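The values are calculated or read from the model by the stated rules, or taken from the named source; none is laboratory data. None of these values were measured; they are calculated from a predicted model. Note: ideal-geometry Cβ built from the backbone for every residue, glycine included; neighbour counts use all protein chains shown. The protein model used for the area step is the full one, side chains on, heavy atoms only, and it has no ligands, DNA or RNA in it. Shrake-Rupley method; radii C 1.70, N 1.55, O 1.52, S 1.80 Å.
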Amino acid sequence: MGRDKRRLGQLKFIASMFQMVMKELDNVMGPESIRTIFRLIGERQGEAIEKRMKDKFNVDNWTPEILADKLIQDVFNPALGEGQAEIKVSDDEMIISLGVCPFQRAGIDTSDKFYCTYTEGLIETVAQKALGNVSFKSDELISEGKSCCTFDLKLT
Amino acid sequence: MSSRLEKTHKILEELEEEATDVIGAAIIKTNGLIVSSALPKETDERMIAAMSAALLGTSKRTAEALFNGVFKSLHLELNKGDMFLLRAGRVILAVITQKEPNVGLISLQMEETSKKIKELFKMEE
């Protein structure tokens, strides 16, 4: 019990430091810098996730259906919880809907949309690595007051 | 009728043709993504675009802190060449030049290019 309490205290300290760092980064470097950095982190994560899933599930050739299935199973369910993500696949399009924002769930203010670029970079890069040329568009964002984030990926 | 992307390429090509000191240019979104690029082949475009957005962010904050002002452009003087950034509506025009370029001429040509970009994307200041 004492260990759990100490761990919780440490996590609260890290969360508080993170909030303060973000505030001062915004003050000194501006929102463009922060969004760009989160976008880059998302892209790197996207590359790593595509590679990890390919190895883990022995995928030789990705199809939109296989990618959608593995993304739900290996990325979205663990991060967001069961049933919080949905991917609709048609001939040349994937529409990804996420019902929860992991940043908001962690108690972080997302109104400045700093963290959306992370998710956008991750999804776009996974799709590009797996399926080749893909055009990506964020249709709706929870940070803009919508009930879910919706991303539209078109195979080009 | 050429696409917007083709038109942005043409705008950058014209800039490079008209300004002899220019060795590369790119149009970059403020979130660090490249819209169009004519940067030298060996350049890591993705990182340059990200750094340009970060430089814009920092420069905007500096303008606000110094004069409660608004960022217009940035000139980086480097040992092997220079870099210029100019805000063009919602995007950034980044230009790489040879060492010791004609700064006045580059500025004028960048302003003209910025007008063309804004017109293409129908952007407000």
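Okay, here's what the table says:
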{"read-out": "Neighbours by Cβ (under 6 Å, 6+ apart or cross-chain): first from segment B:36-54, among the acidic types (D, E); second open to solvent by 40 Å² or more (accessible area, probe 1.4 Å)", "value": "B:E45/B:I34"}
{"read-out": "Residue within segment A:100-111 that is within 14 Å of chain B (Cβ to nearest Cβ) and open to solvent by 60 Å² or more (accessible area, probe 1.4 Å) present", "value": "no"}
{"read-out": "Yes/no for A:E50 being surrounded by 14 or more Cβ atoms within 10 Å (Cβ to Cβ), in contact with a Lys or Arg (Cβ under 6 Å, 6 or more places away or on another chain) and away from chain B (no Cβ under 14 Å)", "value": "yes"}
{"read-out": "Of all residues making up segment A:19-40, the number that are in contact with a Phe, Trp or Tyr (Cβ under 6 Å, 6 or more places away or on another chain) and more than 11 Å from chain B (Cβ to nearest Cβ)", "value": "0"}
{"read-out": "Identity of the residue in segment A:107-135, of a type in the set (A, V, I, L, M, F, W, C) and more than 14 Å from the chain's Cα centre (by Cα), that ends up farthest from A:E43 (Cα to Cα)", "value": "A:I108"}
{"read-out": "Filter result (assigned to a helix (DSSP H, G or I), within 15 Å of A:G30 (Cα to Cα) and away from chain A (no Cβ under 12 Å)) within segment B:41-78", "value": "B:L66"}
{"read-out": "Some residue of segment B:110-117 being out of contact with any Gly (no Cβ under 9 Å at 6 or more places or on another chain), closer than 29 Å to A:T125 by Cα, modelled with pLDDT under 95 and hydrophobic (A, V, I, L, M, F, W, C)", "value": "no"}
{"read-out": "B:L120, sole failed condition from (1) touching a strand residue (DSSP E or B) at 6+ places or on another chain (Cβ under 9 Å); (2) touching a residue at least 24 places away in the same chain (Cβ under 8 Å)", "value": "(1)"}
{"read-out": "A:N58 vs. criteria without any contact (Cβ under 8 Å) to a residue 24 or more places away in the chain, out of contact with any Phe, Trp or Tyr (no Cβ under 9 Å at 6 or more places or on another chain) and within 13 Å of chain B (Cβ to nearest Cβ)", "value": "no"}
{"read-out": "Which numbered condition B:G32 fails, given (1) buried (at least 19 other Cβ atoms within 10 Å of the Cβ); (2) touching a residue at least 12 places away in the same chain (Cβ under 8 Å); (3) within 23 Å of B:L108 (Cα to Cα)", "value": "(3)"}
{"read-out": "Considering residues of segment B:58-78 that are under 17 Å from B:A26 (Cβ atoms) and in contact with an Asp or Glu (Cβ under 8 Å, 6 or more places away or on another chain) only, the residue least open to solvent (accessible area, probe 1.4 Å)", "value": "B:L76"}
{"read-out": "Residue check, A:A68 farther than 30 Å from B:T62 by Cα, hydrophobic (A, V, I, L, M, F, W, C), at pLDDT 95 or above and surrounded by 16 or more Cβ atoms within 10 Å (Cβ to Cβ)", "value": "yes"}
{"read-out": "Residue under evaluation A:V134, criteria (1) touching a helix residue (DSSP H, G or I) at 6+ places or on another chain (Cβ under 8 Å); (2) open to solvent by 50 Å² or more (accessible area, probe 1.4 Å); (3) of a type outside the set (S, T, Y), criterion not met", "value": "(2)"}
{"read-out": "Test: residue in segment A:33-41 that is open to solvent by 80 Å² or more (accessible area, probe 1.4 Å) and assigned to a helix (DSSP H, G or I)", "value": "no"}
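Yes or no, residue by residue, for (1) surrounded by fewer than 20 Cβ atoms within 10 Å (Cβ to Cβ); (2) part of a strand (DSSP E or B):
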{"position": "B:K80", "(1), (2)": "yes, no"}
{"position": "B:L85", "(1), (2)": "no, yes"}
{"position": "B:I92", "(1), (2)": "no, yes"}
{"position": "B:I96", "(1), (2)": "no, yes"}
{"position": "B:P101", "(1), (2)": "no, no"}
{"position": "B:G104", "(1), (2)": "yes, no"}
{"position": "B:L108", "(1), (2)": "yes, no"}
{"position": "B:E112", "(1), (2)": "yes, no"}
{"position": "B:K115", "(1), (2)": "yes, no"}
